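Below is one structure, written out as structure tokens; comments come after it.
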Amino acid sequence: MTTLAADREIEHLMTLHPKGFDLSLDRIARLLERLGNPQDRLPPVIHIAGTNGKGSCAAFSRALLEAAGHLVHVHTSPHLVNWHERYRLAAEGGGKLVDDDVFAEAIARVAKANQGQKITVFEILTAVTFILFSEHPAEAAIIEVGLGGRFDATNVISRPAVSVIMPVSMDHEAYLGDRVELIAAEKAGIMKRGCPVVIGAQESETALEVLIETAERLDCPTVVYGQDFLAFEENGRMVYQDEDGLMDLPLPRLPGRHQFANAAAAIAAVKAAGFEISHRAAEKAMTSTAWPARMQKLTQGRLVELSPKGAEIWLDGGHNPGAGVVIAEALAEQEEKNPRPLILIAGMINTKDQTGYFSAFKGLARHVYTVPVSKSDAGVPNDELALRATEAGLSAEPVNSVADALMLLRDSWDGPAPRIFIGGSLYFAGAVLDENGTPPT
């Protein structure tokens, strides 16, 4: 892969500054002030936090706004293959990933303004978001939180058009707390007094209570999934319902029943942000939404060619027990429609609950191949990951790579063409897309 100018700028920054998170708003506030506070010159912002579903909500929100004819910026993190994926700039006919020269110039300008002071690379890249989004015209900006909410670098936005809290569950405990109510309180930190709030489907009543109490304390107009809006399947369609009535829509292009709630949260968020969404625009959005490495079906590429003939291959970057449950449910749904033996190929990092993730697949997966995560220093060794899968009640064995796992399957498989699920980490999913030759565009 060719090294781009922006990549070189970021690699240089990583030699000067820490790569990880250091949760505080002081450093980014200081930097943004030197840059003229670009975060105060953004179009209306849809600010999205949550443990799972943030990216899907962002993708649905973008599709809804673009289907309605609006110019939309989108910031998501982390990226899968290229840093540029984090910045999609508004354009006629649909947003485009930032051009390399524009991106590199913005990074250099932000780094110069920082004057070598202590800061994290994520904070510099967040400042780049505000520079890019304030200097290119758009009618809306969708900004995904990096980690947590209260002290996330994106949380310098003082008056979002809407704050969205997607499902909250256990993740990043070292940073956010070891109880779901503590994590919910951190996510709720993006709520701003008097600004609209959308609360997506919550699996934890405790988390839901914390989110509602915070919104009430801040006098935020609030709509809550299951109370003020919801979505359900009926006659092979998705029905969205809120106080304005019903919308009978096609099933979302993103597979899995959990995407109904994600799509519903996006519709509620776009409406709460003050945009009108026609039935026609909502229909178009449901069938056009794309979000790489979230139950993405791989149909071509170098890795696909190594798999058993007729195999069905799915990829998802979900990496915690909550994500494991929704992925397993989506695969069970596929099993109901078209039964096939399920094989897992998994790579994970050591900050995640690996056994908890694998537990969701007990009774569903026939076998697991565990592989190293090449894109992260925190990758769990493949033999150790196999032990975690075994602890969860699965049959597992370590192999050296996804390619090795696919070739082993191809050479030994005897029976109906399998369904292969590859997942366990966004870093891992990104490496798979890169190796397959199908990076996000």
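None of the figures in this text is laboratory data; all of them are computed from the coordinates on show. No experiment lies behind these values; they were computed from the predicted model shown. Because the Cβ atoms are built from the backbone with ideal geometry, glycine has one as well, and the counts that use them run over all protein chains shown.
Observations
- For the set Lys352/Lys375; Lys54/Lys271; Lys118/Lys187, the pairs lying more than 20 angstrom apart at their alpha carbons are Lys118/Lys187.
- The 3J(HN,Hα) values that the Karplus relation (6.51, -1.76, 1.60; θ = phi - 60°) gives for region 410-420 are, in residue order, 4, 6, 10, 6, 9, x, x, 3, x, 9, 10 Hz. Gly and Pro appear as x.
- Structure-derived percent of Cα pairs over 35 Å apart - corresponding label in (i) 27; (ii) 34; (iii) 60: (i)
- Inter-site label distance for Ala332 and Glu243 at 7 Å from Cα along Cβ, in nm: 3.5
- Label sites at Ala5 and Glu181, each approximated as a point 7 angstrom past Cα along Cα to Cβ, lie 5.3 nm apart.
- Cα shape, region 57-208, gyration tensor, a/c 1.5 rule: oblate
- Of Thr299, Thr287, Thr390, the residue with the greatest mean-square motion in the GNM of the chain, using alpha carbon springs below 10 Å, is Thr299.
- Sequence-separation-based contact order of the chain, relative, with Cα cut under 8 Å and 6+ spacing, percent: 16
- Point-charge dipole on Cβ atoms (K/R +1, D/E -1) for region 77-180, about Cα centre, debye to 20: 320
- Around the amide H of Thr154, modelled in the peptide plane, lie the amide H atoms of Gly146, all under 5 Å away and 5 or more residues distant in sequence or on another chain.
- Taking the centroid of alpha carbons for each part, region 336-409 and region 116-174 are 32 Å apart.
- Sparsely packed trypsin sites (Lys or Arg not before Pro) within region 382-441, loop by DSSP, other Cβ within 10 Å at most 12: none
- Isotropic mean projected area of the C-alpha convex hull, region 45-86 (nm²): 3.3
- Cα gyration tensor shape of region 38-146, rounded if a/c is under 1.5, else prolate or oblate by comparing a/b with b/c: prolate
- Region 258-273 and region 9-70: distance between their alpha carbon centers, rounded to Å: 20
- Helix-only [θ]222 nm of the chain, DSSP H runs n ≥ 4, -39500 (n - 2.57) each, per residue, nearest 500: -12000 deg cm²/dmol
- Cα gyration tensor shape for region 249-388, rounded if a/c is under 1.5, else prolate or oblate: prolate
- Relative contact order %, region 61-182, counting alpha carbon pairs below 8 Å whose residues are six or more apart: 25
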